[in-house]
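Enquirer: For reference, the structure I am asking about is given below.
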Amino acid sequence: MSKSIDMVDIAFNLQGGYVPSSYPFALWQEVVRCLPWLSEEPSAGILPLRGSVSGGGLLLPQRAKLVLRLPAAREQQAGLLSGQQLNVEFSVLSVGEARIRPLQPHPTLHAQLVVSTEGEADFLAGIARQLSEMGIVCKWICGKPHTIADAGHSISGYSLVLHDLKPDKSLQLQSTGLGGERRFGCGIFVPYKAITGLD
């Protein structure tokens, strides 16, 4: 993706109780049902939902958010998601009002899952190469391997924290991400306040 694309987060209020751990696949499908153009937007991504882990899934808080990371030019079109209902496996999620969140530079960024089928040493060597190609100098901490899967998909990788980032490079990473499968929440970086106790 070109670094010249101006990216933003669009945060929707979200009502719903519980989603299974495999939710990213069904969530993407439902959002694309409401916003068909999204499937042709390679830079688009859905940030992982935030909630409490419970019984193999996520219990969503009352003030849950559904956050899309999109080119700023898509802001108005994405707003049409407000008022929709999303059927995510056995859960029904109601999408409320949206708020634009411009990306902000932060010295420490976290991605919940950066896609990789390699061992940790090879994964980190690959990350080092990618960062070097992007002209980014920083430190990193690799978390434990994770897998998200449903009946038809399986994606594995590692959580990753990058720290000591310069402001312009922080924005670059948030705009471009690392690795593939942004649509399923992978490789998308968000500000992170702590760099200890990773899992």
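The values are calculated or read from the model by the stated rules, or taken from the named source; none is laboratory data. Every value quoted in this text rests on a predicted model; they were computed, and no experiment measured them. Note that we place each Cβ from the backbone using ideal geometry, even for glycine, and neighbour counts take in every protein chain shown.
Enquirer: Need the failing condition index for Gly157 against (1) small (Gly, Ala, Ser); (2) touching a residue at least 12 places away in the same chain (Cβ under 8 Å); (3) more than 22 Å from Met7 (Cβ to Cβ), just the number.
Expert: Of the numbered conditions (1) small (Gly, Ala, Ser); (2) touching a residue at least 12 places away in the same chain (Cβ under 8 Å); (3) more than 22 Å from Met7 (Cβ to Cβ), the odd one out for Gly157 is (3).
Enquirer: Can you tell me which condition Phe184 does not meet? The list is (1) modelled with pLDDT of 95 or more; (2) more than 15 Å from Pro48 (Cβ to Cβ), and all the others hold.
Expert: Evaluating Phe184 over (1) modelled with pLDDT of 95 or more; (2) more than 15 Å from Pro48 (Cβ to Cβ) leaves (2) as the failure.
Enquirer: Quick one: is Gly126 in the same structural domain as Arg183 (by TED's automatic domain parsing), in a strand (DSSP E or B) and under 20 Å from Ser170 (Cα atoms)?
Expert: Details: in the same structural domain as Arg183 (by TED's automatic domain parsing): yes; in a strand (DSSP E or B): no; under 20 Å from Ser170 (Cα atoms): yes.
Taking the combined requirement at face value, the residue does not satisfy it.
Enquirer: Does segment 72-122 hold any residues that are more than 19 Å from Ala26 (Cα to Cα) and polar (S, T, N, Q), and which are they?
Expert: Gln76, Gln77, Gln104, Thr108, Ser116, Thr117
Enquirer: Could you check segment 1-115 for strands (runs of 3 or more DSSP E) lying wholly inside it with 3 or more residues that are farther than 29 Å from Cys142 by Cα?
Expert: On the way: elements: 7-15, 18-20, 52-54, 57-59, 64-71, 85-88, 91-102, 109-115.
The strands (runs of 3 or more DSSP E) meeting that bar are 7-15, 85-88, 91-102.
Enquirer: Something else now. Identify, from the list Leu103, Leu35, the residue that is buried (at least 19 other Cβ atoms within 10 Å of the Cβ) and farther than 26 Å from Asp168 by Cα. Full working, then the answer.
Expert: Values: Leu103 fails: farther than 26 Å from Asp168 by Cα.
The conditions single out Leu35.
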